[in-house]
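Following: one structure in structure tokens, then a few remarks.
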Amino acid sequence: RAGKLPASADIIQSEIVGPSLGQEAIDSGMSSFAIAFAIVLLWMIFYYGYAGAFADIALLFNLLVIFGVMTGLGAVLTLPGIAGIVLTIGMSVDANVIIYERAKEELLAGKKIKEAVSYAFTWKGAMSSIIDANLTTALTALILFLFGTGPIKGFATTLLIGIATSLFSAIFISRLLIEWFLNKGK
């Protein structure tokens, strides 16, 4: 009653997966990233005008810093890493949208444009919801980083870097550009 069964295992088909398949996945991921990024950039300019262009500049700065930090850490860009960058772009755009919509609400309430923009960048304005959203995502990414392996850890690493850089670019770079524009009298 013990031992192996008399059934034999016959190999019907065998395939070898080479590095070209991984490269194809990365290439398709990068092209989908580029298309999504271009659409986001155009939409922000179309919907918000100059403010959208400033958000786009902050977003480009954000990407530059993400790649710089990843290079400094010696991180390799993988498909999960690309997914983390795409999610970071969405969160960075979301932060700018929350700020701009809060400024619009203040303008409709009768505040002047400089007051509305200044209020939108305060804790009572948009910052509390932006920090809350980014903090909860960062905690989730930290848990993925601590308990995940391989691709999950790569995704979490990219996401953690992206959250820090997107907060900086949305809060400081966007504000710097908007205030510079408003101080020019425009």
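The values are calculated or read from the model by the stated rules, or taken from the named source; none is laboratory data. On a predicted model such as this, the values are computed, not experimentally measured, just so you know. Every residue, glycine as well, gets a Cβ built from its backbone with ideal geometry; the counts of neighbours run over all protein chains shown. These accessible areas exclude ligands, DNA and RNA; they are computed on the full protein's heavy atoms, side chains included. Shrake-Rupley method; radii C 1.70, N 1.55, O 1.52, S 1.80 Å.
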Folded to 0 to 90 degrees: helix 151-168 orientation relative to the chain principal axis, Cα = 10 degrees
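Tally Lys/Arg at +1 and Asp/Glu at -1 over every other residue whose Cβ is under 12 Å from the Cβ of Ser169; what's the total?
Numbers: positive: Arg175; negative: Asp56.
That sum, taken over residues with Cβ under 12 Å, equals 0.
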inquiry  = Which of the three applies to the stretch 35-95, rounded, prolate or oblate, going by the alpha-carbon gyration tensor with a ≥ b ≥ c and a/c under 1.5 meaning rounded?
reply    = prolate
key: Coil-residue chymotrypsin sites (Phe, Trp or Tyr not before Pro) of the stretch 30-87, DSSP, other Cβ within 10 Å capped at 11   = none
task = With +1 on each Lys and Arg Cβ and -1 on each Asp and Glu Cβ, and nothing else charged, work out how big the dipole of the chain is about its Cα centre, in Debye to the nearest 20.
result = 500 debye
request  = Return the label of the correct value of Kirkwood radius over Cα pairs in Å, as calculated from the structure shown, out of (i) 18.8; (ii) 18.1; (iii) 17.6.
outcome  = (i)
key: Cα radius of gyration and Dmax for the stretch 132-186 (Å)   = 15.9, 52
Accessible carbon and sulfur surface of the chain relative to its total accessible area, %, 1.4 Å = 70 percent
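Could you do me a favour and compute the accessible area per residue for the chain, 1.4 Å probe, result in Å²? Show your work: numbers first, answer last.
Numbers: 11520 Å² over 186 residues.
For the chain, the solvent-accessible area averages 62 Å² per residue.
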key: Farthest toward positive dipole pole in the chain [+1 Lys/Arg, -1 Asp/Glu at C-beta], among Val93, Ser174, Ala116   = Ala116
message = Taking the 0 to 90 degree range and rounding to the nearest ten, how far is the long axis of helix 174-183 tilted relative to the main principal axis of the chain, both from C-alpha atoms?
response = 20 degrees
ask   = Relative contact order for the chain using alpha-carbon pairs under 8 Å, separation at least 6, rounded to a whole percent?
value = 28 percent
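Cα-based Rg of the stretch 88-186 per 2.2 N^0.38 Å, rounded to two decimals? Mind dumping the intermediate values first?
Working: Rg = 16.0 Å, N = 99, 2.2 N^0.38 = 12.6 Å.
For the stretch 88-186, the normalised Cα radius of gyration comes out at 1.27.
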task = Give a residue-ordered list of calculated ³J(HN,Hα) values for the stretch 99-114 (Karplus: 6.51 cos²θ - 1.76 cosθ + 1.60, θ = phi - 60°; whole Hz; x for Gly, Pro).
result = 4, 5, 5, 5, 5, 4, 4, 5, 5, 5, 7, x, 6, 6, 4, 5
